[in-house]
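First up is the structure itself, then whatever we jot down about it.
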Amino acid sequence: MDLPDDVASLVRSEAGACRVVADLTRPGHLLNRVWELEYGPRGLRNRLVVKQHASVTAHRRELAAYQKIVPALGDGTAPLLVAVSERTRTLLLTRIPGTPVSTLSLDASTEAEVYRQAGAVLATLHAQPAPAPAPGSITWQDKLAQAQGELLALPADAADMLADLLSGGPPPRLARVGVHGDWMPRNWLWDGRRLRVVDFEAATGASAASTDLARLGYRVLRGRPDLDAAFRTGYGRAFTRAEHQTMRISAALDALQALRWGRLHRDQDTLNQAHTMIQNLRADQDSPWATQRPGPRRRVGTPPSTARAPGHPAGAEANPDQRSGHPQTPVRLAASARKESRP
C-alpha cells in the first residue's frame with residue numbers, strides 16, 4: 001500500500017522512511033483519504049496519521065482547528081499537528097489511541113461514562129473563541145435552498161413539520177464559539193478509560209446549539225434519556241430556551257441535508273440517521289427539547305402536503321414503506337445518484 005507521491009514527499013521530509021500500516025479512509029467516503037503510518041528503528045516504532053483533503057475549505061477548517069482550538073482540549077485528547085502542506089491539502093498528525101465508539105458494544109455504565117466525558121470535552125471546546133469562517137463556507141439560506149427539495153419525498157405530516165420549523169428563517173442568533181461540526185460517536189475514540197476526539201474538518205465558528213448539540217441531540221440523545229443525562233452532566237450546565245429552540249430548528253435542516261447527502265451518495269447509514277432525526281423531532285413536541293417558534297408560520301416553498309414528488313398524487317406518500325418520519329424498514333435509495341462535495 002503506497003501513498004500518493006505528493007503526500008509521500010511531505011511524510012519523508014518530516015519523519016523519514018515510513019510504512020503504511022492501515023488505510024483509515026471511511027468506507028464510502030469519496031472525498032478525503034487517511035492513512036496510518038509507522039516509522040522509526042525496529043523496536044522503537046512510532047505511529048503517525050496523514051490526512052489529505054479533497055477540498056480547500058475542509059483543509060483550511062481542520063488546519064485552523066488544530067492550530068487554534070485543539071491545544072485547549074488538553075494533552076492527548078486530540079491529535080497534534082506535526083506538519084502541513086497547503087499545496088497538497090495534507091495534514092501530518094500524531095496518532096492517538098482508542099477505537100471509534102460507533103464500532104463498540106459497551107455495557108450501560110461504560111457507555112454512560114463515554115457520554116459524560118463527551119459532554120465534558122465538548123464544553124471545553126465550546127469555551128474556545130470562534131475561528132474566522134473559512135473561505136467557501138455557505139450560509140443557512142444556501143443550505144436550505146440546496147436541501148428543501150427533499151421535503152417532496154417525505155410523508156405529508158413529516159414534510160409539514162419540517163417546513164413549519166424552517167419557515168421563519170435561521171434560528172435565534174446566539175454567541176459564536178469554536179465547534180467541532182460533527183460531534184458524533186464515529187469521531188470519538190475510547191481506550192477503556194478515556195475519550196479522545198478526531199476529525200475536525202467541519203470545525204468552524206457557530207453557536208453550539210446550531211451544530212454539535214443539535215446533531216448529537218436529535219441523532220442520538222433524544223432517543224436515549226440515559227445517555228442524554230450523562231452527556232448533560234459532563235457538559236456542566238442546563239440549556240436555555242433559546243438554545244432548545246435553536247437545536248430543534250437546526251436539526252430540521254440537518255435532517256434535510258442528511259437526506260440529500262444519503263440519496264446522492266447511496267449512503268444508507270446517513271439516510272437512516274436523517275429519519276431518526278425526523279422521528280425524534282416529531283416525538284418531542286411536548287418535551288423539554290421542543291420550543292415552538294413564536295408567531296404565525298408559513299410554508300417553505302410549495303406546501304409539501306399538496307405538492308408531491310413527480311409521479312405521486314397530492315397527499316400521497318412518495319415511499320409507501322415510510323408511514324412515519326422514521327421508516328420501519330430501511331429507506332429505499334434513489335435509482336441514480338450523482339457526486340458532489342459533502343455539505
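Things to note:
- Members of region 262-286 that are in a helix (DSSP H, G or I), surrounded by fewer than 18 Cβ atoms within 10 Å (Cβ to Cβ) and at pLDDT below 95: LEU264, GLN268, ASP269, ARG282, ALA283
- Against the list (1) at positive phi; (2) under 13 Å from the mean Cα position of the chain (by Cα); (3) of a type outside the set (S, T, N, Q), the condition GLY236 fails is (2).
- Here ARG297 qualifies as modelled with pLDDT under 95, over 16 Å from TYR115 (Cα atoms) and in contact with a Gly (Cβ under 8 Å, 6 or more places away or on another chain).
- Among residues of region 256-272 that are more than 17 Å from GLY149 (Cα to Cα), those with a Cβ under 9 angstrom from a residue that is β-branched (Val, Ile, Thr), sequence gap 6+ or separate chain, pair up as GLN268/VAL331; ASN272/VAL331.
- Residue check, ARG193 out of contact with any Phe, Trp or Tyr (no Cβ under 9 Å at 6 or more places or on another chain), surrounded by fewer than 16 Cβ atoms within 10 Å (Cβ to Cβ) and at pLDDT 95 or above: yes
- Lone unmet requirement of (1) in contact (Cβ under 8 Å) with a residue 60 or more places away in the chain; (2) out of contact with any Asp or Glu (no Cβ under 6 Å at 6 or more places or on another chain); (3) within 28 Å of ASP228 (Cβ to Cβ) for PRO97: (2)
- Single residue of region 122-141 satisfying the filter (small (Gly, Ala, Ser) and assigned to a loop (DSSP other than H, G, I, E, B)) that is nearest to ALA252 (Cα to Cα): SER137
The values are calculated or read from the model by the stated rules, or taken from the named source; none is laboratory data. Remember, predicted model here, so these are calculated numbers, not experimental data. As a convention, Cβ positions derive from the backbone with ideal geometry for all residues, glycine included, and neighbour counts pool all protein chains shown.
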